[in-house]
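**Student:** Here it is: the structure, laid out below.
No value in this document is a laboratory result; all are computed from the given coordinates. Note that the structure is a prediction, hence the values are computed from the model and not measured. So basically every Cβ, Gly included, is an ideal-geometry build from the backbone, and we count neighbours across all protein chains shown.
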Amino acid sequence: WFSHKNTQLFCDFILRWASLQELKKARKPSIIKLFKSSSSRTIPLIEKRLQAIKTAKPLTEDRAVISAHRLEAMALAAQMLAIIRAIKVFDVEILSTFKALPDCMIFSGLPGDMVNLFNTTQLSGFLHFC
C-alpha cells in the first residue's frame, strides 16, 4: 500500500489503524481524509489503496499475535515520526549552514538545486568532510 515507509503519512496511518481489523472497521471517508491530508492526493492512487484494503486478508486471527504486533507497530511508528521531524530540523539547519559558507556560491552555481540535490545524510557528510 505504501512505496515509502519512511514518511509521515505511513506513520500516521499505522498510528491510526495499527491492525487490519481496525482498518477494516474504518469508514472510507476517514481513510481518504488521511491520505488527502498528506502528499497523497492523487485519486487513482487512493482508489488503488482502498481496493487493496478492501481485499486484504489477515495473516493470522490469533488475538495475542495481533495485539503484540499492533503495539510494536505503534511504538515504532511513533519513534519514526520523531526521527522524521528531527531530520526536517536538521535539514533546515544544514541548509542554513551551507548558505553561510564562503564557498556556497561555487556549489550553488553547479547544475541542480542544492536544497534538493543533497539529502540530510549526504549534505551533513559533505559539510563534515570540509
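**Student:** Ranked highest first by the average count of other Cβ atoms within 10 Å around their residues, in what order do 46-57, 3-14, 75-86 fall?
**Tutor:** Highest to lowest by the protection proxy: 3-14, 75-86, 46-57.
**Student:** Computed on alpha carbon atoms, what radius of gyration and Dmax characterise the range 1-67, expressed in Å?
**Tutor:** Looking at the range 1-67, its Cα Rg and Dmax stand at 12.2, 37 Å.
**Student:** What list of ³J(HN,Hα) couplings, whole Hz, do you get for the range 63-74 from phi and the Karplus terms 6.51, -1.76, 1.60, once you set θ to phi - 60° and write x for glycine and proline?
**Tutor:** For the range 63-74, the Karplus-derived couplings read 4, 5, 5, 4, 4, 5, 6, 4, 5, 5, 4, 5 Hz, x marking Gly and Pro.
**Student:** How high is the FRET efficiency from Lys88 to Asp62, r the C-beta distance, R0 25 Å, rounded to 0.05?
**Tutor:** Here the calculated transfer efficiency is 0.05.
**Student:** I want to check the label-to-label distance for Leu50 and Glu72. Put each point 7 Å from Cα in the C-beta direction and report it in nm to one decimal.
**Tutor:** Those two pseudo-labels are separated by 3.3 nm.
**Student:** Holding the Cα-Cα limit at 27 Å, pick out from Lys5/Lys48; Lys5/Lys99; Lys48/Lys88; Lys33/Lys54; Lys28/Lys88; Lys33/Lys99 the pairs that are longer than that.
**Tutor:** Checking Cα-Cα distances, Lys5/Lys99; Lys48/Lys88; Lys28/Lys88; Lys33/Lys99 exceed 27 Å.
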